[in-house]
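Undergrad: I have a structure I would like to understand better, so I am pasting it below and will then ask my questions one at a time.
The values are calculated or read from the model by the stated rules, or taken from the named source; none is laboratory data. From a predicted model like this one, the values you see are computed outputs, not experimental measurements. Cβ coordinates were reconstructed from backbone atoms using ideal geometry, including for glycine residues, and neighbour counts include every protein chain displayed. Side chains included, ligands, DNA and RNA excluded: accessible areas come from the protein's heavy atoms. Shrake-Rupley method; radii C 1.70, N 1.55, O 1.52, S 1.80 Å.
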Amino acid sequence: QVQLVESGGGLVQTGGSLRLSCGVSGHTFNTYHVAWFRRAPGKDREFVAAIRWSGTNTYYGNSAKGRFSISQDNAKNTVYLQMNSLKVEDTAVYYCAAGPPSILVPSTTSYNYWGQGTQVTVSS
């Protein structure tokens with residue numbers, strides 16, 4: 001069983017930055033992926049970024065490329081999402097997820113563990 005707890009959300013102005021944290025506990029494997037998804041009001045859950053637990057691979061959705069960075073600290077069992085140059089359209093609930101290896105990294109079906117989410121609001 002894997003438990004995920006997100007933190008770091010909040011209110012920020014356009015152009016600002018936030019760093020989200022995902023605390024991971026329970027049994028994990030080096031091959032697992034840990035990902036960030038987000039859901040804006042009225043929209044489907046969207047893939048943001050993912051990292052292999054071993055840290056050897058990272059993946060980004062189109063909305064994150066060039067602005068967001070995913071990283072991990074194995075000693076702290078934490079995955080981070082650094083978000084820069086935030087836009088109003090980044091407003092969403094951000095979820096952390098974990099799952100076994102899959103070629104479908106951006107798909108929600110590849111993850112069987114989910115956190116409760118943390119709200120990010122970007123104001124203009």
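Undergrad: Can you tell me which residues in region 58-116 are over 14 Å from the mean Cα position of the chain (by Cα), over 14 Å from Ala35 (Cβ atoms) and part of a helix (DSSP H, G or I)?
TA: The answer is Asn74, Ala75, Lys76, Val88, Glu89.
Undergrad: Still on this structure: Of the numbered conditions (1) under 17 Å from Cys96 (Cβ atoms); (2) not in a strand (DSSP E or B), Lys43 satisfies every one except a single condition; which is it?
TA: The number of the failed condition is (1).
Undergrad: Which residue is surrounded by the most Cβ atoms within 10 Å (Cβ to Cβ), if the candidates are limited to region 14-35 and must be closer than 15 Å to Asn84 by Cα and not aliphatic (A, V, I, L, M)? Give the derivation first.
TA: Step one: of region 14-35, the residues closer than 15 Å to Asn84 by Cα are 14-21.
Going one step further and asking which of them are not aliphatic (A, V, I, L, M), we end up with 14-17, 19, 21.
Working: Thr14: 13, Gly15: 11, Gly16: 14, Ser17: 12, Arg19: 13, Ser21: 17.
Looking at residues that are closer than 15 Å to Asn84 by Cα and not aliphatic (A, V, I, L, M), I get Ser21.
Undergrad: Using the structure shown, decide if Leu20 is touching a strand residue (DSSP E or B) at 6+ places or on another chain (Cβ under 6 Å), outside any strand (DSSP E or B) and modelled with pLDDT of 95 or more. Steps first, answer last, please.
TA: Numbers: touching a strand residue (DSSP E or B) at 6+ places or on another chain (Cβ under 6 Å): yes; outside any strand (DSSP E or B): no; modelled with pLDDT of 95 or more: yes.
When the stated conditions are applied, Leu20 does not pass them.
Undergrad: Continuing with this model, one more query. Among the numbered criteria (1) in contact (Cβ under 8 Å) with a residue 24 or more places away in the chain; (2) open to solvent by 30 Å² or more (accessible area, probe 1.4 Å); (3) under 14 Å from the mean Cα position of the chain (by Cα), which single criterion is violated by Leu11?
TA: (3)
Undergrad: Given the conditions (1) open to solvent by 20 Å² or more (accessible area, probe 1.4 Å); (2) under 20 Å from Thr108 (Cβ atoms); (3) out of contact with any helix residue (DSSP H, G or I) (no Cβ under 9 Å at 6 or more places or on another chain), which single one is not true for Ala75?
TA: Condition not satisfied by Ala75: (2).
Undergrad: Given the conditions (1) in a strand (DSSP E or B); (2) modelled with pLDDT of 95 or more, report the number of the one that Ser25 does not fulfil.
TA: Only one criterion is unmet by Ser25, namely (2).
Undergrad: Go through region 41-57 and give me each residue that's open to solvent by 10 Å² or more (accessible area, probe 1.4 Å) and under 14 Å from the mean Cα position of the chain (by Cα). Before the answer, list the steps.
TA: Residues of region 41-57 open to solvent by 10 Å² or more (accessible area, probe 1.4 Å): 41-47, 52-57.
Listed by number, the residues that qualify are Arg45, Glu46, Phe47, Arg52, Trp53.
Undergrad: Output the residues belonging to region 78-100 that are surrounded by fewer than 16 Cβ atoms within 10 Å (Cβ to Cβ) and at pLDDT below 95. Working first, answer last.
TA: Just the residues of region 78-100 that are surrounded by fewer than 16 Cβ atoms within 10 Å (Cβ to Cβ), to begin with: 82, 84-85, 87-89, 100.
Pro100 - this is the single residue of region 78-100 that is surrounded by fewer than 16 Cβ atoms within 10 Å (Cβ to Cβ) and at pLDDT below 95.
Undergrad: Then there is this: Take region 14-40 and flag every residue that is under 12 Å from the mean Cα position of the chain (by Cα) and among the polar types (S, T, N, Q).
TA: Ser21, the sole residue that qualifies.
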